[in-house]
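The values are calculated or read from the model by the stated rules, or taken from the named source; none is laboratory data. Predicted, not measured: the structure shown is a model, and the values here were computed from it. Don't worry about glycine lacking a Cβ; one is built from the backbone with ideal geometry, like all the others, and counts go over all protein chains shown. Protein only, heavy atoms only, side chains kept; ligands, DNA and RNA dropped before computing areas. Shrake-Rupley method; radii C 1.70, N 1.55, O 1.52, S 1.80 Å.
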Amino acid sequence: MSTATQTPRTGTPAAEAPEPQVIRPDRKRTRLGYNIIALVTAAVMAFPVYWLIVSALRPNHEIRSYDQTLWPSSITFDNFARAVKQDNFVTAIQSSLIVSITAVVGGMIIATLAALAIGRFRFFGRRALLMVLILVQMLPPTAMLIPIYAQLNAMGGLDEYWGLIVVYLVSTLPFAVVMIRGFVVNIPVELEESAMVDGCTRMGAFRRVIFPLLAPGLAAASIFALVNAWNEYLFAYILINDNSKYTLNVWLMTFTTERGTDYGALMAASTMIALPVVVFFMIIQSKMAAGLTSGAVKG
(Lines give C-alpha, C1' and ligand atoms only; values in the text may rest on other atoms or scores of the structure.)
Protein backbone atom coordinates (compact mmCIF):
# COMPACT_ATOMS: atom_id res chain seq x y z
CA MET A 1 0.00 0.00 0.00
CA SER A 2 1.29 3.43 -0.93
CA THR A 3 2.10 5.65 2.00
CA ALA A 4 1.79 8.96 0.02
CA THR A 5 -0.94 11.26 1.31
CA GLN A 6 -3.85 11.60 -1.18
CA THR A 7 -5.95 14.75 -1.60
CA PRO A 8 -9.70 14.08 -1.15
CA ARG A 9 -10.82 15.35 -4.61
CA THR A 10 -8.06 14.68 -7.09
CA GLY A 11 -6.30 11.83 -5.43
CA THR A 12 -2.91 13.32 -6.27
CA PRO A 13 -0.18 13.31 -3.66
CA ALA A 14 -0.27 16.41 -1.44
CA ALA A 15 2.76 18.68 -1.44
CA GLU A 16 5.11 17.81 1.33
CA ALA A 17 6.05 20.52 3.84
CA PRO A 18 9.54 21.96 3.25
CA GLU A 19 12.15 20.69 5.61
CA PRO A 20 13.59 23.29 7.99
CA GLN A 21 16.97 24.57 6.93
CA VAL A 22 19.72 23.34 9.19
CA ILE A 23 22.71 25.59 9.71
CA ARG A 24 25.88 23.57 9.86
CA PRO A 25 28.18 24.02 12.88
CA ASP A 26 31.02 25.30 10.70
CA ARG A 27 28.78 28.06 9.32
CA LYS A 28 27.74 28.98 12.85
CA ARG A 29 31.35 29.30 13.88
CA THR A 30 32.13 31.39 10.80
CA ARG A 31 29.21 33.73 11.47
CA LEU A 32 30.21 34.04 15.12
CA GLY A 33 33.76 34.89 14.10
CA TYR A 34 32.55 37.59 11.70
CA ASN A 35 30.31 39.05 14.41
CA ILE A 36 33.20 39.18 16.87
CA ILE A 37 35.44 40.90 14.29
CA ALA A 38 32.67 43.41 13.53
CA LEU A 39 32.15 44.19 17.23
CA VAL A 40 35.87 44.64 17.84
CA THR A 41 36.18 46.90 14.79
CA ALA A 42 33.18 48.97 15.89
CA ALA A 43 34.60 49.31 19.41
CA VAL A 44 37.99 50.46 18.10
CA MET A 45 36.38 53.02 15.81
CA ALA A 46 33.97 54.28 18.49
CA PHE A 47 36.53 54.57 21.29
CA PRO A 48 38.04 57.93 20.15
CA VAL A 49 34.54 59.42 20.04
CA TYR A 50 33.79 58.00 23.48
CA TRP A 51 37.06 59.38 24.87
CA LEU A 52 36.30 62.78 23.36
CA ILE A 53 32.93 62.97 25.11
CA VAL A 54 34.27 61.63 28.40
CA SER A 55 37.17 64.10 28.35
CA ALA A 56 34.71 66.93 27.77
CA LEU A 57 32.94 65.92 30.99
CA ARG A 58 36.08 65.51 33.12
CA PRO A 59 37.45 68.24 35.40
CA ASN A 60 40.62 69.83 34.09
CA HIS A 61 42.83 68.43 36.87
CA GLU A 62 41.66 64.91 36.05
CA ILE A 63 42.42 65.37 32.34
CA ARG A 64 46.00 66.34 33.16
CA SER A 65 46.40 63.47 35.60
CA TYR A 66 48.55 60.44 34.70
CA ASP A 67 45.98 58.07 36.23
CA GLN A 68 43.29 57.94 33.59
CA THR A 69 40.09 55.91 33.93
CA LEU A 70 37.47 54.94 31.40
CA TRP A 71 34.85 56.92 33.31
CA PRO A 72 35.41 60.28 35.07
CA SER A 73 35.30 60.32 38.86
CA SER A 74 33.10 63.43 38.68
CA ILE A 75 31.14 65.00 35.84
CA THR A 76 31.31 68.74 35.17
CA PHE A 77 29.91 71.06 32.52
CA ASP A 78 32.39 73.84 33.17
CA ASN A 79 34.32 72.85 30.07
CA PHE A 80 31.28 73.55 27.89
CA ALA A 81 30.73 76.89 29.63
CA ARG A 82 34.32 77.96 28.95
CA ALA A 83 34.06 76.83 25.34
CA VAL A 84 30.92 78.88 24.72
CA LYS A 85 32.53 81.96 26.34
CA GLN A 86 35.65 81.66 24.19
CA ASP A 87 36.30 84.63 21.88
CA ASN A 88 34.79 84.52 18.38
CA PHE A 89 32.55 81.52 19.14
CA VAL A 90 29.48 83.10 17.53
CA THR A 91 31.41 84.45 14.57
CA ALA A 92 32.96 81.01 13.99
CA ILE A 93 29.49 79.45 13.82
CA GLN A 94 28.41 82.19 11.43
CA SER A 95 31.45 81.66 9.21
CA SER A 96 30.96 77.88 9.06
CA LEU A 97 27.28 78.27 8.18
CA ILE A 98 27.93 80.86 5.47
CA VAL A 99 30.73 78.89 3.84
CA SER A 100 29.11 75.44 4.12
CA ILE A 101 25.59 76.35 2.99
CA THR A 102 26.75 78.53 0.10
CA ALA A 103 29.22 75.90 -1.11
CA VAL A 104 26.59 73.16 -0.95
CA VAL A 105 23.85 75.11 -2.74
CA GLY A 106 26.17 76.46 -5.43
CA GLY A 107 27.83 73.08 -5.90
CA MET A 108 24.52 71.26 -6.32
CA ILE A 109 23.29 73.75 -8.93
CA ILE A 110 26.46 73.49 -11.03
CA ALA A 111 26.73 69.71 -10.55
CA THR A 112 23.12 69.19 -11.66
CA LEU A 113 23.61 71.22 -14.83
CA ALA A 114 26.86 69.41 -15.62
CA ALA A 115 25.32 65.99 -14.93
CA LEU A 116 22.38 66.78 -17.22
CA ALA A 117 24.75 67.85 -20.00
CA ILE A 118 26.91 64.74 -19.68
CA GLY A 119 23.99 62.34 -19.24
CA ARG A 120 21.57 63.72 -21.83
CA PHE A 121 23.63 65.21 -24.66
CA ARG A 122 26.19 63.60 -26.94
CA PHE A 123 29.17 65.82 -27.64
CA PHE A 124 32.84 65.38 -28.46
CA GLY A 125 34.96 64.64 -25.39
CA ARG A 126 32.06 63.62 -23.14
CA ARG A 127 33.68 60.40 -21.95
CA ALA A 128 37.04 62.11 -21.58
CA LEU A 129 35.44 64.80 -19.42
CA LEU A 130 33.86 62.16 -17.20
CA MET A 131 37.21 60.38 -16.86
CA VAL A 132 38.92 63.66 -15.94
CA LEU A 133 36.34 64.26 -13.21
CA ILE A 134 37.08 60.86 -11.72
CA LEU A 135 40.86 61.36 -11.90
CA VAL A 136 40.63 64.82 -10.29
CA GLN A 137 38.72 63.29 -7.39
CA MET A 138 41.70 61.00 -6.76
CA LEU A 139 44.16 63.86 -6.28
CA PRO A 140 45.05 64.62 -2.64
CA PRO A 141 44.10 68.15 -1.47
CA THR A 142 47.66 68.90 -0.31
CA ALA A 143 48.91 68.52 -3.88
CA MET A 144 46.75 71.48 -4.97
CA LEU A 145 47.27 73.67 -1.89
CA ILE A 146 50.13 75.85 -3.21
CA PRO A 147 48.58 76.49 -6.69
CA ILE A 148 45.22 77.35 -5.09
CA TYR A 149 46.87 79.68 -2.57
CA ALA A 150 48.85 81.48 -5.30
CA GLN A 151 45.80 81.86 -7.53
CA LEU A 152 43.54 83.18 -4.77
CA ASN A 153 46.28 85.54 -3.63
CA ALA A 154 46.47 86.99 -7.15
CA MET A 155 42.67 87.32 -7.28
CA GLY A 156 42.39 88.87 -3.81
CA GLY A 157 40.53 85.88 -2.39
CA LEU A 158 42.58 85.42 0.78
CA ASP A 159 40.74 86.21 4.03
CA GLU A 160 37.50 86.29 2.05
CA TYR A 161 34.53 83.97 2.35
CA TRP A 162 34.14 83.63 -1.40
CA GLY A 163 37.67 82.26 -1.82
CA LEU A 164 37.01 79.42 0.64
CA ILE A 165 33.55 78.83 -0.83
CA VAL A 166 35.00 78.40 -4.32
CA VAL A 167 37.55 75.89 -3.04
CA TYR A 168 34.91 73.80 -1.26
CA LEU A 169 32.51 74.04 -4.20
CA VAL A 170 35.11 72.88 -6.74
CA SER A 171 36.37 70.07 -4.48
CA THR A 172 32.90 68.49 -4.26
CA LEU A 173 31.94 68.93 -7.92
CA PRO A 174 33.57 65.77 -9.38
CA PHE A 175 31.88 63.42 -6.91
CA ALA A 176 28.53 65.22 -7.19
CA VAL A 177 28.56 65.27 -10.99
CA VAL A 178 29.36 61.56 -11.26
CA MET A 179 26.69 60.64 -8.71
CA ILE A 180 23.91 62.80 -10.16
CA ARG A 181 24.78 61.62 -13.69
CA GLY A 182 23.96 58.08 -12.57
CA PHE A 183 20.42 59.22 -11.83
CA VAL A 184 20.10 61.22 -15.05
CA VAL A 185 20.95 58.27 -17.32
CA ASN A 186 18.39 56.10 -15.49
CA ILE A 187 15.54 58.54 -16.22
CA PRO A 188 13.91 57.65 -19.58
CA VAL A 189 14.11 60.43 -22.14
CA GLU A 190 10.52 59.62 -23.09
CA LEU A 191 9.26 61.09 -19.81
CA GLU A 192 10.80 64.45 -20.62
CA GLU A 193 9.61 64.31 -24.22
CA SER A 194 6.06 63.45 -23.14
CA ALA A 195 5.99 66.46 -20.82
CA MET A 196 7.18 68.71 -23.64
CA VAL A 197 4.53 67.28 -25.97
CA ASP A 198 1.91 68.10 -23.35
CA GLY A 199 2.96 71.75 -23.43
CA CYS A 200 5.86 72.02 -20.97
CA THR A 201 8.96 73.91 -21.89
CA ARG A 202 12.32 72.20 -21.41
CA MET A 203 12.74 74.01 -18.09
CA GLY A 204 9.18 73.09 -17.11
CA ALA A 205 9.81 69.43 -17.95
CA PHE A 206 12.93 69.51 -15.83
CA ARG A 207 11.11 71.10 -12.88
CA ARG A 208 8.04 68.84 -13.05
CA VAL A 209 9.54 65.51 -14.19
CA ILE A 210 13.31 65.33 -13.93
CA PHE A 211 13.95 67.19 -10.69
CA PRO A 212 11.68 65.02 -8.48
CA LEU A 213 13.43 61.90 -9.79
CA LEU A 214 16.84 63.46 -9.10
CA ALA A 215 15.96 64.31 -5.49
CA PRO A 216 17.59 61.21 -3.87
CA GLY A 217 20.83 61.78 -5.76
CA LEU A 218 20.84 65.47 -4.89
CA ALA A 219 20.26 64.63 -1.23
CA ALA A 220 23.17 62.17 -1.10
CA ALA A 221 25.52 64.52 -2.96
CA SER A 222 24.54 67.51 -0.82
CA ILE A 223 25.17 65.52 2.37
CA PHE A 224 28.65 64.63 1.14
CA ALA A 225 29.34 68.26 0.25
CA LEU A 226 28.04 69.53 3.60
CA VAL A 227 30.13 67.11 5.66
CA ASN A 228 33.21 67.94 3.56
CA ALA A 229 32.77 71.70 3.98
CA TRP A 230 31.81 71.53 7.66
CA ASN A 231 34.75 69.34 8.72
CA GLU A 232 37.49 70.74 6.47
CA TYR A 233 40.45 72.31 8.27
CA LEU A 234 43.53 72.61 6.02
CA PHE A 235 42.24 75.09 3.42
CA ALA A 236 40.35 77.11 6.02
CA TYR A 237 43.53 77.41 8.11
CA ILE A 238 45.70 78.45 5.15
CA LEU A 239 43.29 80.75 3.31
CA ILE A 240 41.69 82.54 6.28
CA ASN A 241 43.92 84.51 8.65
CA ASP A 242 41.33 86.91 10.05
CA ASN A 243 40.24 85.82 13.54
CA SER A 244 36.74 87.14 12.97
CA LYS A 245 36.30 84.88 9.91
CA TYR A 246 37.63 81.62 11.34
CA THR A 247 35.47 78.57 10.75
CA LEU A 248 34.73 76.33 13.71
CA ASN A 249 37.52 73.86 12.99
CA VAL A 250 40.15 76.62 12.81
CA TRP A 251 38.62 78.36 15.83
CA LEU A 252 39.54 75.31 17.93
CA MET A 253 43.20 76.30 17.84
CA THR A 254 42.40 79.37 19.97
CA PHE A 255 42.28 77.06 23.00
CA THR A 256 46.05 76.68 22.69
CA THR A 257 47.89 79.73 24.05
CA GLU A 258 51.29 80.58 25.49
CA ARG A 259 50.09 79.33 28.87
CA GLY A 260 49.24 75.92 27.46
CA THR A 261 46.19 74.13 26.11
CA ASP A 262 42.80 74.12 27.80
CA TYR A 263 42.09 70.47 27.01
CA GLY A 264 38.75 70.37 28.78
CA ALA A 265 37.30 73.29 26.83
CA LEU A 266 38.91 72.00 23.64
CA MET A 267 37.24 68.60 24.04
CA ALA A 268 33.92 70.25 24.88
CA ALA A 269 34.09 72.51 21.83
CA SER A 270 35.03 69.56 19.59
CA THR A 271 32.05 67.63 20.94
CA MET A 272 29.67 70.50 20.22
CA ILE A 273 31.02 70.86 16.69
CA ALA A 274 30.86 67.15 15.89
CA LEU A 275 27.54 66.35 17.56
CA PRO A 276 25.19 68.14 15.11
CA VAL A 277 26.83 66.45 12.12
CA VAL A 278 26.70 63.02 13.80
CA VAL A 279 23.04 63.40 14.79
CA PHE A 280 22.10 64.68 11.32
CA PHE A 281 23.94 61.80 9.64
CA MET A 282 22.24 59.23 11.88
CA ILE A 283 18.83 60.64 10.94
CA ILE A 284 19.36 60.60 7.18
CA GLN A 285 21.80 57.70 6.78
CA SER A 286 19.13 55.42 5.26
CA LYS A 287 18.24 58.03 2.65
CA MET A 288 21.89 58.63 1.94
CA ALA A 289 22.51 54.90 1.42
CA ALA A 290 19.53 54.72 -0.93
CA GLY A 291 20.82 57.67 -2.89
CA LEU A 292 24.31 56.21 -3.15
CA THR A 293 23.09 52.86 -4.49
CA SER A 294 20.02 53.66 -6.60
CA GLY A 295 21.98 55.82 -9.02
CA ALA A 296 24.67 53.22 -9.58
CA VAL A 297 22.59 50.67 -11.50
CA LYS A 298 23.32 51.92 -14.98
CA GLY A 299 25.69 54.26 -16.80
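Go through the stretch 170-183 and give me each residue that's among the aliphatic types (A, V, I, L, M) and buried (at least 24 other Cβ atoms within 10 Å of the Cβ). Spell out how you get there, then give the answer.
The first filter runs over the stretch 170-183 and keeps only residues among the aliphatic types (A, V, I, L, M), leaving 170, 173, 176-180.
Matches in the stretch 170-183: A176, V177, I180.
Given the conditions (1) more than 22 Å from F183 (Cα to Cα); (2) surrounded by 15 or more Cβ atoms within 10 Å (Cβ to Cβ); (3) of a type outside the set (F, W, Y), and given that L116 satisfies all but one, which numbered condition is not satisfied?
Against the list (1) more than 22 Å from F183 (Cα to Cα); (2) surrounded by 15 or more Cβ atoms within 10 Å (Cβ to Cβ); (3) of a type outside the set (F, W, Y), L116 comes up short only on (1).
List the helices (runs of 4 or more DSSP H) that sit entirely inside the stretch 45-138 and contain at least 1 residues that are assigned by the TED database to the domain that holds S171 and closer than 30 Å to V189 by Cα.
89-120, 126-137
In the stretch 207-220, is there at least one residue being under 30 Å from E160 (Cβ atoms), in the same structural domain as M144 (by the TED database), open to solvent by 30 Å² or more (accessible area, probe 1.4 Å) and within 21 Å of the chain's Cα centre (by Cα)?
Checked the stretch 207-220: at least one residue is under 30 Å from E160 (Cβ atoms), in the same structural domain as M144 (by the TED database), open to solvent by 30 Å² or more (accessible area, probe 1.4 Å) and within 21 Å of the chain's Cα centre (by Cα).
So L139 clears everything in (1) modelled with pLDDT under 85; (2) open to solvent by less than 20 Å² (accessible area, probe 1.4 Å); (3) not basic (K, R) except one condition, right? Which one?
Here L139 clears every test but (2).
From the list R27, R64, R82, which one is open to solvent by 70 Å² or more (accessible area, probe 1.4 Å) and over 17 Å from D262 (Cα atoms)? Lay out the reasoning, then the answer.
Numbers: R64 fails: over 17 Å from D262 (Cα atoms); R82 fails: over 17 Å from D262 (Cα atoms).
Just a single option satisfies the conditions, and that option is R27.
Among the residues of the stretch 142-165, write down those that are surrounded by 12 or more Cβ atoms within 10 Å (Cβ to Cβ), in contact (Cβ under 8 Å) with a residue 12 or more places away in the chain and either touching a Phe, Trp or Tyr at 6+ places or on another chain (Cβ under 9 Å) or not in a loop (DSSP other than H, G, I, E, B) (or both).
Answer for the stretch 142-165, where residues must be surrounded by 12 or more Cβ atoms within 10 Å (Cβ to Cβ), in contact (Cβ under 8 Å) with a residue 12 or more places away in the chain and either touching a Phe, Trp or Tyr at 6+ places or on another chain (Cβ under 9 Å) or not in a loop (DSSP other than H, G, I, E, B) (or both): L145, I148, Y149, L152, L158, Y161, G163, L164, I165.
So G260 fits all but one of (1) open to solvent by 60 Å² or more (accessible area, probe 1.4 Å); (2) modelled with pLDDT of 75 or more; (3) on the phi > 0 side of the Ramachandran plot; what number is the exception?
Condition not satisfied by G260: (1).
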